[in-house]
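Q: What follows is a structure written as C-alpha cells; I'll ask about it next.
The values are calculated or read from the model by the stated rules, or taken from the named source; none is laboratory data. All values reported here derive from a predicted model rather than from experimental measurement. Here the Cβ positions follow ideal geometry from the backbone for every residue, glycine too, while neighbour counts run over all protein chains shown.
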Ligand SMILES: Nc1ncnc2c1ncn2[C@@H]1O[C@H](COP(=O)(O)OP(=O)(O)OP(=O)(O)O)[C@@H](O)[C@H]1O
Ligand SMILES: [Mg+2]
C-alpha cells in the first residue's frame, strides 16, 4: 500500500521504434523522485505516458489529479500572471490566486504578461499554476533548463521549500545531477529504454543548497553520472 501511490509495471511506449520498454516504478505518497538520462533517452516520453498523452502498453496506476509543467515555458502569453494562475484553479478564486502569487514571490507583478518576466519568474508562474490546482501528482520536465546556474540554484531552493511544504508526490526530469540529488528522495537513471538504476538519497530534508559541497554528495554525483 505505502509505495502504491504511483505504480508503473512493464510500461512500454512505441513510436516508429520502441522508446520505453519494461519500465517499473513504485512511489509512495509525497515522495519526490527525479529521472536523469541522456538527451533522447525517453524522459519526456515517460512523463507523457504517465500523463496519458501517448499510447502505452503495460500498467500505470496513479492519482487522477495530476499537473504537468512542460519542458518549455507553458504559460498563456495573452493572459497576465494572475489570469495564468487562476486558470489552474477550479473556480476563478481571486484570493487563492493571490496566495499563490505570494508563494511564488511575484507580488506586484500580477498584471504583467509572461513576456515581461524573466525566464525564472515565468517558470515560477508555470509551477505556481500547476500547484494551484492542488494536484496529487506533479510532473516537471526540466523546469529550470533555460536558466543560468545562479537563478537555477535559487529556483532549486525555492522548489525545495515548496515541495517540502506541499508534500505533493513529484516526478522531476532533469539533466542536472546536482538538482536531482538536492531535491529527491530517489534518483533513477533512464537508459536503454528503462529505469535502470535507483539511488536513494540519504540526506534529511529540507536540504540546504550547500550540501552539494558535501563529500557524500559528490560521491553520489560521481556514481550517478557514471551510470547515465
Ligand atoms: N511523438 C513522437 N513521435 C515519434 N517519435 C517520438 C515522439 N516523441 C518522442 N519521440 C522519440 O522518442 C525518443 C525519446 O524522446 P524524449 O523526448 O522522450 O527524450 P528525452 O529524454 O526527453 O530527451 P531530452 O533530454 O532531449 O529532452 C526520441 O528518439 C524521439 O525522437
Ligand atoms: Mg525531454
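Q: Could you list, in sequence order, all residues of the stretch 1-42 that are out of contact with any strand residue (DSSP E or B) (no Cβ under 7 Å at 6 or more places or on another chain) and assigned to a strand (DSSP E or B)? Quick ask: steps written out before the conclusion?
A: From the stretch 1-42, those out of contact with any strand residue (DSSP E or B) (no Cβ under 7 Å at 6 or more places or on another chain) are 1-2, 14-17, 28, 38-40; that's our starting set.
Scanning the stretch 1-42 gives a single hit, 14.
Q: Could you list, in sequence order, the residues of the stretch 65-95 that are at pLDDT 90 or above, touching a strand residue (DSSP E or B) at 6+ places or on another chain (Cβ under 6 Å) and farther than 11 Å from residue 128 by Cβ?
A: Of everything in the stretch 65-95, those that are at pLDDT 90 or above, touching a strand residue (DSSP E or B) at 6+ places or on another chain (Cβ under 6 Å) and farther than 11 Å from residue 128 by Cβ turn out to be 66, 68.
Q: In this structure, does residue 50 turn out to be at pLDDT 90 or above, within 16 Å of ligand 2 (Cβ to nearest atom) and either under 20 Å from residue 184 (Cα atoms) or over 18 Å from the mean Cα position of the chain (by Cα) (or both)? Show your work before the answer.
A: Working: at pLDDT 90 or above: yes; within 16 Å of ligand 2 (Cβ to nearest atom): yes; either under 20 Å from residue 184 (Cα atoms) or over 18 Å from the mean Cα position of the chain (by Cα) (or both): yes.
Against the criterion (at pLDDT 90 or above, within 16 Å of ligand 2 (Cβ to nearest atom) and either under 20 Å from residue 184 (Cα atoms) or over 18 Å from the mean Cα position of the chain (by Cα) (or both)), residue 50 qualifies.
Q: I'm checking my understanding of the structure. Among residues of the stretch 129-150 that are within 13 Å of residue 48 (Cα to Cα) and within 16 Å of ligand 2 (Cβ to nearest atom), which one is nearest to the chain's Cα centre (by Cα)?
A: The extreme case among them is 140.
Q: Restricting the first residue to the stretch 43-61 and requiring it to be in a loop (DSSP other than H, G, I, E, B), which pairs with a second residue that is surrounded by 12 or more Cβ atoms within 10 Å (Cβ to Cβ) meet a Cβ separation below 7 Å and a spacing of at least six or different chains?
A: Listed pairs, sorted by first residue: 54/13; 54/45; 54/48; 56/11; 56/12; 56/13; 56/49.
Q: Still on this structure, please answer the following. Working only within the stretch 42-67, note down all residues that are within 16 Å of ligand 1 (Cβ to nearest atom) and more than 27 Å from residue 228 (Cβ to Cβ).
A: Once the filter is applied, which keeps residues that are within 16 Å of ligand 1 (Cβ to nearest atom) and more than 27 Å from residue 228 (Cβ to Cβ), the stretch 42-67 yields 52, 55.
Q: Grab the helices (runs of 4 or more DSSP H) fully contained in the stretch 135-228, keeping just those with 3 or more residues being more than 27 Å from residue 9 (Cβ to Cβ) and without any contact (Cβ under 8 Å) to a residue 24 or more places away in the chain.
A: On the way: elements: 149-166, 177-183, 215-227.
By residue number, 149-166, 215-227.
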